[in-house]
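Beneath this line is the structure, given in structure tokens, with notes to follow.
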Amino acid sequence: MYLSYFGLREQPFGVTPDPRFLYLSAAHREALASLYYGIEANRGFLGLIARPGMGKTTILFHLLEKFRTSARTAFLFQTQCNSHEFMGFLLAELGYEGPPQGLVQMHDEFKKRLLQQAATGNRLIVVIDEAQNLEPEVLETLRLLSNFETSQAKLMHIILAGQPALADKLASPGLAQLRQRLSIVHGLAPLPAWEVKSYIEHRLLVAGCKGGPLFTAEAYEAVAEFTEGIPRNVNNFCFNALSLACALRKRRVDSDVVNEVASDLDIDRLTSTPQSETAGIDPQYTRIQNIPRIPDAPGDRDDIPTPAEAVAYMQQISLKLKDWRKSLEKAPSSAPDSPSSTEPND
């Protein structure tokens with residue numbers, strides 16, 4: 001482990017959403033503020049939508065920490081379920097340990113616990129992560145739960161957090177009533193290149209780094225480019241970079257280390273058909289020509305090629321590729337734009 005080698009107190013690039021390591025970029029700060037004031041203003045339904053790895057869960061944990069003494073919270077991850085299962089998960093988060101019940105009895109039990117919280121002056125905050133997986137019936141159940149309110153205030157606040165597919169689902173006509181209740185829907189943007197450097201240094205500082213910078217300027221730029229500014233990607237890359245630098249007994253992550261890590265994390269080289277094997281092939285040989293038309297909708301069976309026709313077509317393509325490769329081998333010094341070096345023999 002590289003912690004002692006670099007003088008770190010703890011792992012700076014862990015995989016758990018630890019609020020202590022939350023780096024508030026402009027986008028993250030705005031999203032956190034919107035959710036916080038949405039709850040303070042009793043807006044009811046709130047949404048947080050972003051691509052995977054952008055730090056949604058970390059923001060949500062940080063938000064709940066702010067209401068730790070003034071609210072009862074429930075954080076749900078199990079979103080691939082029906083309405084009955086969802087209510088069971090929700091009641092379990094609220095401390096219910098009784099026997100299984102029907103959906104109606106679950107609603108009554110939930111309402112009782114909701115009123116108990118209201119009597120103590122505390123609000124209830126329900127956070128649902130990975131909400132893009134929720135079925136429409138479960139989202140409708142959530143809408144009905146939000147009807148529990150008094151004339152002065154909402155009895156509960158629901159935060160739906162998920163990937164862009166959640167926005168697609170909420171935009172469907174069947175969920176118009178739920179969409180109308182979402183007071184605030186916020187997104188997160190990738191970190192710009194200059195902020196990736198600040199993000200890395202922030203996490204190292206929290207982890208106890210007291211010496212000089214552990215990354216060179218060139219390394220910061222390369223990390224930003226390879227990770228596209230997605231925090232989870234940055235964490236994974238930096239973990240591997242520090243591990244490799246430690247193994248090589250280097251005190252800083254430089255360009256050589258970054259390039260090696262980038263190569264190691266290149267998943268394409270492990271696929272069955274790396275993209276490099278198809279690079280440089282003229283696009284004309286990837287087009288399908290003279291194959292019988294396949295109709296877009298079920299129609300006349302005569303329009304569909306027979307297995308024999310399909311085999312004959314693939315043999316024709318194979319011969320063209322062989323001829324093309326032979327022509328390249330015969331004329332290695334030909335100019336790249338020379339027709340004789342790229343055209344197969346018909």
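Here are some notes:
- Scan of the range 98-123 for residues that are without any contact (Cβ under 8 Å) to a residue 60 or more places away in the chain and either within 22 Å of TYR36 (Cβ to Cβ) or outside any helix (DSSP H, G or I) (or both), ordered by number: GLY98, PRO99, PRO100, GLN101, GLY102, LEU114, GLN117, ALA118, THR120, GLY121, ASN122
- Lone qualifier among GLY121, GLY98 - being more than 23 Å from GLU40 (Cα to Cα) and modelled with pLDDT under 90: GLY98
- Subset of the range 1-47 (residues that are of a type in the set (S, T, N, Q) and without any contact (Cβ under 8 Å) to a residue 12 or more places away in the chain): SER4, THR16
- The range 6-19, residues that are at pLDDT 90 or above and not small (Gly, Ala, Ser): PHE6, LEU8, ARG9, GLU10, GLN11, PRO12, PHE13
- Number of the condition not met by GLN132 [criteria: (1) out of contact with any helix residue (DSSP H, G or I) (no Cβ under 6 Å at 6 or more places or on another chain); (2) in a helix (DSSP H, G or I)]: (1)
- Test result for TYR199, free of Cβ contacts under 8 Å to residues at least 60 places away in the same chain, of a type in the set (Phe, Trp, Tyr) and either surrounded by fewer than 17 Cβ atoms within 10 Å (Cβ to Cβ) or not in a strand (DSSP E or B) (or both): no
- Residue list for the range 95-118, restricted to those being among the aliphatic types (A, V, I, L, M) and open to solvent by 40 Å² or more (accessible area, probe 1.4 Å): LEU103, VAL104, LEU115, ALA118
- Selected residue (criterion: modelled with the highest pLDDT) from residues of the range 20-53 that are at positive phi and open to solvent by less than 40 Å² (accessible area, probe 1.4 Å): GLY53
- Criterion violated by GLY174 - all others in (1) of a type in the set (Gly, Ala, Ser); (2) buried (at least 17 other Cβ atoms within 10 Å of the Cβ); (3) assigned to a helix (DSSP H, G or I) satisfied: (2)
- THR216 being of a type in the set (Val, Ile, Thr), within 17 Å of VAL253 (Cα to Cα) and surrounded by fewer than 20 Cβ atoms within 10 Å (Cβ to Cβ): yes
- Taken over the range 58-78, residues that are crowded, with 18+ Cβ neighbours inside 10 Å and hydroxyl-bearing (Ser, Thr, Tyr) amount to 2.
For (1) closer than 30 Å to ASN235 by Cα; (2) β-branched (Val, Ile, Thr), each residue gets a yes or a no:
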| position | (1), (2) |
| --- | --- |
| GLU30 | yes, no |
| GLY44 | no, no |
| GLY55 | yes, no |
| THR58 | yes, yes |
| HIS62 | yes, no |
| SER70 | no, no |
| PHE86 | no, no |
| LEU94 | no, no |
| PRO99 | no, no |
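The values are calculated or read from the model by the stated rules, or taken from the named source; none is laboratory data. Quick caveat, the model's predicted, so the values are computed rather than measured. Neighbour counts are summed over all protein chains in view; Cβ atoms, including those assigned to glycine, are modelled from backbone coordinates with ideal geometry. With ligands, DNA and RNA removed, areas are computed over all heavy atoms of the protein, side chains included. Shrake-Rupley method; radii C 1.70, N 1.55, O 1.52, S 1.80 Å.
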